[in-house]
Amino acid sequence: MAVSTISPRVEEPAKRPPVNSRRQAMAAGCKVAILGFGTVGKAVAQVLCNAPIPGIRLAFVFNRNFERKRVSWVPEDVEWTDDLRQVLASDADVVVELAGGIEPAKEWVEQALLAGKSVVTANKHLMAVHGLELLQLARHTGQRILYGASVAGGVPVLNALEQGLAGDRLVKFAGVLNGTCNYILSNMESHGTPFAAALAKVQKLGFAEADPSDDVNGVDASCKLAILARVGLQADIQPESVYRQSIRGIDPIDFEYAHQLGCTIRQVSMAEIKGKTLRAAVQPMLVPFSSALSRTKDNQNALIVTGEHGGETVFSGRGAGGGPTAVAVVSDLLALAQNSQLTPARPLHSYRVSGNFSLRYLVRVRLRNQSDSISTIKQELSRNGVEIGSVLRKPKRSKGNSDVAVLTKACRPADMVTAIRDMRQLPGVRQAPVYLPILPN
Ligand SMILES: NC(=O)c1ccc[n+]([C@@H]2O[C@H](COP(=O)([O-])OP(=O)(O)OC[C@H]3O[C@@H](n4cnc5c(N)ncnc54)[C@H](OP(=O)(O)O)[C@@H]3O)[C@@H](O)[C@H]2O)c1
């Protein structure tokens with residue numbers, strides 16, 4: 001079967017029933033078309049087919065070369081297709097976009113809305129980059145887009161921000177939002193496995209992509225942070241404006257230094273409103289054991305939300321994987337089928353976006369040999385405005401190597417980055433120093 005292509009944009013669908021009659025039809029039974037029968041698409045179909053949910057019926061599965069995807073447990077009356085036009089021209093009420101990426105997913109979503117269908121998606125890249133225009137198109141066509149699965153998988157954080165916490169004025173998020181990084185870091189911590197081996201293991205288990213760059217470099221989490229900032233902080237930001245630092249370069253020995261300080265290491269996504277500035281960053285951080293973020297293991301996600309009136313609220317659970325993500329998708333389908341009204345969207349504000357969190361850092365430098373002195377490191381840091389708080393004890397396991405680690409006083413990230421760059425040029429320094437900010441308690 002030929003690979004499906006996108007049909008020309010349908011500006012106005014030929015026979016679109018009026019919105020009210022579509023809503024009545026939906027109340028009688030919502031017909032669902034899944035676009036993309038991969039990990040999540042298949043899991044959603046399983047939820048819908050294993051124990052039928054009143055008011056929701058799977059009607060279409062769309063995927064390129066769909067014959068190889070067919071499974072016996074999908075009822076016979078479900079149509080399989082690789083022709084999107086067939087779905088758009090059908091009486092399906094909701095299109096569930098689960099292919100991922102920006103294109104052709106964006107075009108499919110636009111076409112579905114223009115064809116008078118509501119959309120559910122788990123696609124964080126699409127909703128982070130083009131969410132505003134798609135939501136506007138949905139309003140224009142009288143349809144809805146729900147995307148609860150796009151952040152934290154099965155943990156209903158977006159619904160909570162839009163409904164349960166809507167009465168507060170939220171000012172801050174700190175979260176562990178990427179399952180792949182969490183698998184890698186938990187593995188390095190539990191077994192002392194080096195980064196490359198931990199990544200390979202996680203890839204073998206199917207929990208990391210063949211190309212994991214977007215996960216380890218923070219791109220994936222910055223998309224989720226941008227969505228959270230829009231929904232919870234009413235801040236209009238793009239993911240590329242979020243300061244990012246990769247988890248590559250972390251060594252198992254860094255966990256031993258972190259433990260000395262009562263911390264573990266996690267990829268943390270933070271956003272905070274300070275006046276007219278939105279500080280936003282995704283980076284590996286030292287996380288105190290007292291923080292709920294330190295208890296995330298494997299594909300668990302956690303988010304701490306701070307509100308002006310309600311203080312801190314913590315969410316945690318399975319942030320990735322077919323099953324948990326399918327739950328979020330099906331919950332959005334139920335919300336559409338029940339036509340439940342969400343809180344009206346609040347106006348968005350523009351902020352200057354900066355990664356300028358003033359934080360204390362663990363800095364570990366691998367010297368060429370043990371006789372190289374720590375004083376030059378101290379000098380280099382202080383020349384760049386970074387003061388040392390204390391020098392850390394050498395962990396037992398690092399007796400044979402020539403690492404030195406210090407804890408700095410709070411400083412600006414720009415000063416730290418310059419100091420690290422200068423330190424790298426010193427003849428006694430063997431490799432790029434590792435610098436990890438500490439999450440404030
Ligand atoms: N997996 C998770 O744990 C998770 C968690 C939260 C959110 N999400 C989001 O959920 C979405 C789906 O993720 P996934 O893990 O299920 O991805 P996946 O396993 O790669 O599945 C994608 C499916 O879409 C099909 N597809 C892709 N491009 C297509 C095209 N141009 N035409 C027709 N079919 C196409 C693929 O077909 P082929 O088999 O032919 O490639 C595949 O069956 C993504 O937006 C992802 O970010 C995933």
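Values quoted throughout were computed directly from the atomic coordinates according to the rules given, and no laboratory measurement underlies them. Computed from a prediction, not measured in an experiment: that's the story for all the values here. Ideal geometry is used to build each Cβ from the backbone, glycine not excepted, and the neighbour counts take in all protein chains shown.
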(Q) Just to be sure I understand: if I project the alpha-carbon convex hull of segment 256-367 onto a plane and average over all orientations, what area do I get in nm²? (A) 10.7 nm²
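Quick check on the exposure proxy: order Arg368, Arg430, Arg266 from fewest to most C-beta atoms within 10 angstrom.
Arg368, Arg430, Arg266
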Q. Using only the Cα atoms of the chain, what do you get for the radius of gyration and for Dmax, in Å?
A. 24.2, 80
**Q.** segment 356-441 - Debye-derived log10 I(q)/I(0), Cα point model, q = 0.11, 0.15, 0.16 Å⁻¹
**A.** -0.27, -0.50, -0.56
Q: Taking the Cβ of Gly311 as the centre, find all other residues whose Cβ is under 13 Å away and add up their charges (Lys, Arg: +1; Asp, Glu: -1).
A: -1
Q. When all C-alpha to C-alpha distances in segment 83-156 are sorted into bins of 10 Å, what percent of pairs does each bin hold, rounded to whole numbers?
A. 21, 56, 22, 1
Q: In whole Hz, with x marking every Gly and Pro, tabulate ³J(HN,Hα) for segment 148-155 from phi via Karplus 6.51 cos²θ - 1.76 cosθ + 1.60, θ = phi - 60°.
A: x, 7, 7, 10, 6, x, x, 8
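Taking only C-alpha pairs under 8 Å that are 6+ residues apart, what is the relative contact order of segment 177-316 in percent?
Values: 223 pairs, mean separation 36.7, N = 140.
Relative contact order here is 26 percent.
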Q. Which of the chymotrypsin sites (Phe, Trp or Tyr not before Pro) found in segment 288-375 are in a DSSP loop and have at most 16 neighbouring Cβ atoms, other than their own, within 10 Å?
A. Phe289
**Q.** Using θ = phi - 60° and Karplus 6.51 cos²θ - 1.76 cosθ + 1.60, couplings along segment 290-297 (whole Hz; Gly, Pro as x)
**A.** 6, 8, 4, 5, 6, 8, 6, 10
Q) Under 5 Å between amide H atoms, partner at least 5 residues away or on a different chain: which partners does Leu359 have, H built in plane at 1.01 Å? A) Cys411
Q.
Can you compute 3J(HN,Hα) from phi for each residue in segment 278-287, using the Karplus curve 6.51 cos²θ - 1.76 cosθ + 1.60 with θ = phi - 60°, rounded to whole Hz and x for Gly and Pro?
A. 10, 7, 9, 8, 10, 7, x, 9, 7, 10
Q | Within straight-line cross-link reach of Lys31, aspartates and glutamates at Cα separation under 20 Å, skipping those fewer than 8 residues along the same chain | A | Glu76, Asp77, Glu79, Asp82, Asp83, Asp91, Asp93, Glu97, Glu110, Asp332
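Under a point-charge model restricted to the Cβ atoms of Lys and Arg (+1) and Asp and Glu (-1), what is the dipole moment magnitude of the chain relative to its Cα centre, in debye to the nearest 20?
Numbers: 51 positive and 39 negative charges, 249 e Å.
Dipole magnitude for the chain comes out near 1200 debye.
How big is D, in µm² s⁻¹, for segment 180-311 by Stokes-Einstein at 37 °C and 0.692 mPa s if Rh is the Kirkwood radius over C-alpha pairs? Mind showing how you got there, number by number?
Values: Rh = 15.5 Å.
Calculated translational D: 212 µm²/s.
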Q. Which FRET efficiency, nearest 0.05, do Ser373 and Asn50 yield, Cβ-Cβ r, R0 45 Å?
A. 0.10
Q | Greater than 26 Å apart at Cα, pairs in Lys106/Lys204; Lys204/Lys297; Lys106/Lys224 | A | Lys106/Lys204
**Q.** Proximal charge balance of Ser190 [Cβ under 12 Å; K/R count +1, D/E count -1]
**A.** 0
Q) For the residues Leu348, Leu35, what sequence is obtained by ranking on other C-beta atoms within 10 Å, fewest first? A) Leu348, Leu35
Q. Label 7 Å along Cα→Cβ of Arg397; segment 255-280 residues with amide nitrogen under 11 Å?
A. 255-259
Q. Between Ile420, Leu126, Ala226, whose Cα lies farthest towards the positive end of the dipole of the chain when Lys and Arg beta carbons carry +1 and Asp and Glu beta carbons carry -1, centred on the Cα centre?
A. Ile420
